[in-house]
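Asks: The structure is given below, and queries will be raised subsequently.
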Amino acid sequence: MMERLPAGSRIAVIRLRSLGDCVLTTPALHLLKSHRADLRIAVVVEDRFRAVFEGNPDVEEILPPRAAAILRWRSRLALNLHGGTRSMALTAGSGAAMRAGFAHHRFSFLYSARIPRAQEILGEERPVHTAEHIASAMFWMGVPRTEIPRAKLAATKIPEFVRGGYAVLHPFASAADKTWPASNFCAVAMHLRRACDLEPVFVAGPDDDAGAFEGFRVWRGAPLGELKSLMARAQIFIGNDSGPAHIAAAFGVPVVAIFGSSNAVTWAPWKTESRVLKSGKGIGGVEINDAITAIEVLRGVHAHPEPRG
C-alpha cells in the first residue's frame, strides 16, 4: 500500500475516540510519518480529544468527524482505526480511492483493503497491547517492521502552581469495578506528601465527585491541553486504568496502574517504568501497601530531575 501512494499523498486517519485509544494511536502515526515524511496526515477525531494530537509534528490537520470536512481534505487513503458504525460511514463517504481498516470491523466490506489480525501481522500468537495492535496496521501497509515507539504527545504550558515536585493521582474510572476506593487513594496521597515530599494533585472530570479529596489539591475539568502539561512534569502517576494513565506514560512518567476488570496486557502503561496492580478479588483486593511499595520501587529506579514535554 505504501508503494501505491504517490509522493505528497493525503491520508485521513479516522480515530474518533476515546482518550486512551487516541494516545495509543500516536506511535503508529509516528511510524508512518518516519517512513514516508512526504505523506500529509490528518486525524479525524471528536473535539473533546483533539488536544491529544495538537502540537504533534506527525499530524498536519485535525479534522472534525464530519463528512464535508473529510471530503475537503481530499485524502488518497482513508484509514479507519476506530471501526464503529459512524467511522464506517465517514470512511465510505471520504472520497478516498483507497479505504483501509481491520478485517474484523463490522461492514468491513466497505474497505478496499482489509487489514488482518495483529497476531498474523506480527507473527506471534499472543495477546497484544493496544499500541501493538494499531501499529501492526502500519507494518501491514508497508512500513518496515521496527520497534514500536512510546506514545507521542506535546506539552508546552507549565502549570502556574508548580514550584516543587508533585504526583498526579486519578481516582476515577468508567465503571465501579475499575475504581479503587477513594479512601485508598487518600492514604496513598498522604504517604506521597509525608514520606516522599511530593504534593499530591488529584485530577477529576467536570462530572466526577471529588468530595473525598477535599484535603488535597484537585484539578477539576481542566482542558486536555493543560492536563498534558500537568502530567508531563509529574514525578509519578497513580491511578485506575483510564486515559490519564496513558498520557502519563507518553511523557515517560513512572506509572502505578490499578486494574480491576480491564485486560492488563492490552491496556498496561506503554513504554514507561510502571507497576500494574491487580487482584483476583477484584480491584478492591489491591491493598494500600501494594501501591505504596510500587511507588517506592519506581522512585528508586526512575528519576526525572528535569521537566519533560
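The values are calculated or read from the model by the stated rules, or taken from the named source; none is laboratory data. These numbers were taken from a predicted model, which means no experiment stands behind them. Backbone-built Cβ (ideal geometry, glycine too); neighbour counts: all protein chains shown.
Asks: Every residue in the stretch 130-153 that is outside any helix (DSSP H, G or I) and either of a type in the set (S, T, N, Q) or over 12 Å from the mean Cα position of the chain (by Cα) (or both), please.
Replies: Gly142, Val143, Pro144, Arg145, Thr146, Glu147, Ile148, Pro149
Asks: Right, next: Of the residues that make up the stretch 228-248, is at least one touching a Ser or Thr at 6+ places or on another chain (Cβ under 8 Å), of a type in the set (A, V, I, L, M), farther than 14 Å from Phe53 by Cα and at pLDDT 95 or above?
Replies: Taking every residue of the stretch 228-248 in turn, at least one turns out to be touching a Ser or Thr at 6+ places or on another chain (Cβ under 8 Å), of a type in the set (A, V, I, L, M), farther than 14 Å from Phe53 by Cα and at pLDDT 95 or above.
Asks: Give all pairs with beta carbons closer than 8 Å in which a residue from the stretch 6-29 that is among the polar types (S, T, N, Q) and at pLDDT 95 or above meets a residue that is surrounded by fewer than 20 Cβ atoms within 10 Å (Cβ to Cβ) and not in a loop (DSSP other than H, G, I, E, B); count only pairs at least 6 apart in sequence or on separate chains.
Replies: Close Cβ pairs satisfying both conditions: Ser9/Arg40.
Asks: Same structure, new question: So in the stretch 271-289, with the set limited to residues that are farther than 27 Å from Val23 by Cα and charged (D, E, K, R), which one is modelled with the highest pLDDT? Reasoning before the result, please.
Replies: So in the stretch 271-289, the residues farther than 27 Å from Val23 by Cα come out as 280-281, 284-285, 287-289.
Next cut, charged (D, E, K, R) only: 281, 287.
Numbers: Lys281: 95, Glu287: 98.
Once the filter is applied, the top-ranked residue is Glu287.
Asks: Give me a count of the residues in the stretch 82-132 that are more than 19 Å from Leu5 (Cβ to Cβ) and in contact (Cβ under 8 Å) with a residue 40 or more places away in the chain.
Replies: 10
Asks: Report, by residue number, each residue of the stretch 243-291 that is part of a helix (DSSP H, G or I) and either of a type in the set (S, T, N, Q) or under 24 Å from Met190 (Cβ atoms) (or both).
Replies: Pro244, Ala245, Ala248, Thr266, Ile283, Gly284, Gly285, Ile288, Asn289, Asp290, Ala291
Asks: Of all residues in the stretch 267-290, count the ones that are among the polar types (S, T, N, Q) and either in the same structural domain as Ala28 (by TED's automatic domain parsing) or in contact (Cβ under 8 Å) with a residue 40 or more places away in the chain (or both).
Replies: 1
Asks: Which condition number does Trp140 fail, the rest of (1) modelled with pLDDT under 95; (2) under 21 Å from Cys22 (Cα atoms) being met?
Replies: That leaves (1) as the condition not met.
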